[in-house]
Amino acid sequence: MTKTLYIPEEEAQELREKHYNAEISSVKRIHDDLWLFRVRPDEPMEEFDPGQYTSLGLGHWEPRLEGTQAEDIKDKLHRKVVKRAYSISCPMLDENMQLVQAYGQDSLEFYIVLVRENEGDAPALTPRLFTLGEGDRLWIGRKVTGHYNLAPVSPDDNVIFVATGTGEAPHNAMVAELLANGHKGRLISLVCVRKKQDLGYYETHQTLEKQFSQYRFVPLTTREPENLDPSLPNYVGKVYVQQFFETGQFEEQLDCPLDPAKTHVYLCGNPSMISAPLKGKHATGDGPTFPEERGMLLPAPVSTVILPPLAPLSGMIAMQSCPLRLSLQHALLASFVVFNLTSHAFSENWPSWRGPKEDGTSLETDLPTSWSTTENVAWKAPLPGPAGATPVVWDDRIFLTSVGDEGELLIMCFDTDGKPLWQDTMADGNKDVRGDEGNSASPSPCTDGEHVWAMMGTGHLACYDFDGNVVWKQFLPDRFGDFDIQFGMTSTPLLHGDKLYLQLIHSGGARIVALDKLTGETAWEHTRESDAYAECEHSYASPVLYHDDERTYLLSHGADYVVAHSLEDGSEIWRCGGLNPRGNYNPTLRFVASPVAVEGLIVVPSAKNGPVLGLDPASKGDVSEDAAAHRWTRDDNTPDVPSPLVHDGLVYLCRENGDLICLNAQTGEELYYERTHRQRHRASPVYADGKVYLISRDGVVSVIKAGKEFEILAQNKMGESISASPVISNGRIYLRGFENLYCIEEN
């Protein structure tokens, strides 16, 4: 190591001793920008499957490689460890040319390319990694995870691995596993790189071909002279990769029949390698249309493609450029296993109360399961008063709303070290409702990374920049009429694109409103019709966005109906009732829980043990009694306040008493109905890292194993009331209690 950055060497050494838990056992330099690292953890790793990944990390204080992009980071990051996820590779052969597998070695292998510069912020990790040598220390994640594995593969199946660049890393681990276990089907590994020098495992693949007749390695280059110079005698030109399959040459020359019943295709590499076909109104014909520009590997007569002999490998196929698109005309898509693992940095911002996808799910990993008020608590910051609003996080900023000591309504900003940065009084006159059930600081803020928007139950709405400067403020009742709602307008605004969407459903007149986010001016206002009466006219739910490849629209929820609205003018696309049946009408049935929308399904709760609906997003008109629009209906057991959660084909419903219901998302079939912690639950559940997090009002966080089988992994007592939903960002869990803001982090 050379001279440290930002902090003294003595302090840096203390931080290394605190954080680092592994060392570099060897480094193989393929060339200056491509290295094979072998990392030996201090303690043996848990067993893992080929294809999975873990994380590597180094402190921001470590030196950077000369000649890489200059870095400009904030002081508060100087003592932090920057972490990135990498697939675990495998040497495949030891020094005696015998097969070795990824798991069971004292070191893990990582195939890493140096990122010298980015268009935005300077790359943080690889310029530091590429200063390391044998014996140097670093951090490694203790958990190995990921669903990219060989679970679907049977011993006689044919398996095709397609990778760009270092995307072959997980494939190498899979190949070694299959060969070691005596796999009988064909195994073909295609690797596309710019130049031959980028094939770090080339000789190993050649040796495997000689040892195993069922294995074939096909290297593809994109920047060699034979790719670019038509005057060369060995010029190949451009050829679409899918033509290998469409013309039958793949099957014929590689002796690998593309039987959809027994062929699996794995893709890993450049994110643009996978390009979805256009469907419906976007397609040019009756069937799906495959894009002709994005995802191509090479145009030219297919007759110019020359595959090298089966074994030994004597040449390379020269191809133009990944990203890759495969259009298999043999119905192979039925057994296509598609994952994209190039971008492994799963650190996410949490810009709204339901997270980065507005559905309560996160891609974060390595999250703690167990903690207390002291164990695995990075810090806690005292708060001036209670609130049910969920904080939002963007980079190193945390925003939340709160009631102040004298009843003032505050927006507050903290940094991610727990230090208060600024606050502003948005309004006075807090109103507590139903004892400790809520107050006027119940709507959650939202952010786009440059500004933050916050609303109070009184109708005060404001936009701030990240330094706390007011961009605009307004009092909504002055523009849209007084709010006639029993417990305040606690609906959380929805930020999408350049608009801020508001759901104002109350007895004084229900409206859906779109504001220009930077000016606060009204873009459109839509009167929302309903035949609801009494307290049913009130809604405390929040607007939700539905999005797929064919449609994007807004959902409002309240006054007995869920309604889909056009983003252009708020006009109604469809509506669905049946949530408060007229034959047994409940005049106090106000909605609090919001729908959750995932691709292909909208799960709609009601209230007070009413029904839950699974709706088709492609609906039109009034579908209250349209059976085709209802994927499924559950007649009772709706969550009353916590919103539903959908992940990996499962729907989770957390009832107000802490009972957790798990349903099949496609059919609505109940998979389990189990008790967690018998207390009031007001926070909405969150999924991350294979776990579902639930929070009760008495501050117990139940951690449930995600999946069809119910299992409580931990129950963590915070010792204070909590009604805000959990927040997950950058490897941390943030909990907004009535008294403190907690930052939960492993170790």
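Key figures
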read-out	value
Label zone at ALA261, where the point sits 7 Å out along the Cα-to-Cβ direction: region 178-218 residues whose backbone N lies under 15 Å	none
Qualifying aspartates and glutamates (Cα of each under 13 Å from Cα of LYS691; at least 8 residues distant if same chain)	GLU364, ASP366, ASP648, GLU709, GLU711
All lysines inside 29 Å of LYS28 as judged from Cα atoms, apart from same-chain residues fewer than 8 positions distant	LYS3, LYS18, LYS80, LYS83, LYS143, LYS195, LYS196, LYS210
Calculated FRET value between ASP72 and ARG582, using beta carbons and R₀ = 51 Å, to 0.05	0.25
Largest-first principal axis extents of the Cα set of region 350-439 (Å)	42, 28, 26
Principal semi-axes in Å for region 88-165 [√(5λ), Cα gyration tensor, largest first]	29, 19, 14
Inter-label distance, nm, simple model (7 Å from Cα along the C-beta direction), ASN657/SER154	4.6
Mean Cα-pair separation over length for region 634-747, i.e. relative contact order, pairs under 8 Å, 6 or more apart, %	16
Calculated from backbone phi, Karplus (6.51, -1.76, 1.60) coupling profile of region 85-97 in Hz, x at Gly/Pro	8, 9, 5, 7, 8, 7, x, 6, 10, 8, 5, 9, 6
Estimated vicinal HN-Hα couplings, Hz - region 15-28 in sequence order (Karplus 6.51, -1.76, 1.60; Gly, Pro = x)	5, 4, 5, 6, 9, 7, 9, 7, 9, 6, 8, 6, 9, 10
At R0 = 45 Å, FRET efficiency that the Cβ-Cβ distance of HIS147 and ASP428 yields, to 0.05	0.35
Inter-site label distance for SER213 and ASP106 at 7 Å from Cα along Cβ, in nm	3.8
Two-site label geometry, GLU450 and ASP436: point separation in nm, points 7 Å out along Cα→Cβ	4.2
Sulfur and carbon atoms: percent of accessible area, the chain [1.4 Å]	45
Percentage relative contact order, region 506-664, counting C-alpha pairs under 8 Å, at least six apart	16
Counting all C-alpha pairs of region 40-108, share separated by more than 13 Å (%)	75
Convex hull (Cα only) mean projected area of the chain, reported in nm² to one decimal	33.5
Over the chain: helical MRE at 222 nm, DSSP H runs n ≥ 4 each giving -39500 (n - 2.57), nearest 500	-2000 deg cm²/dmol
Distant-in-sequence amide H partners of LEU383 (H built 1.01 Å from N, under 5 Å)	ASN740, LEU741
Where the chain is the region considered: accessible area per residue in Å², 1.4 Å probe	40
Counted charge near LEU108, where neighbours are those whose Cβ lies closer than 10 Å (Asp, Glu -1; Lys, Arg +1)	0
Acute angle (nearest 10 degrees) that the helix 168-180 long axis makes with the longest principal axis of the chain, alpha-carbon atoms	70
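The values are calculated or read from the model by the stated rules, or taken from the named source; none is laboratory data. Bear in mind the structure is a predicted one, so any value in this text is a computation, not a measurement. Neighbour counts run over all protein chains shown; Cβ positions are idealised from the backbone, glycine included. Side chains are part of the model used for accessible areas, which takes the heavy atoms of the whole protein and leaves out ligands, DNA and RNA. Shrake-Rupley method; radii C 1.70, N 1.55, O 1.52, S 1.80 Å.
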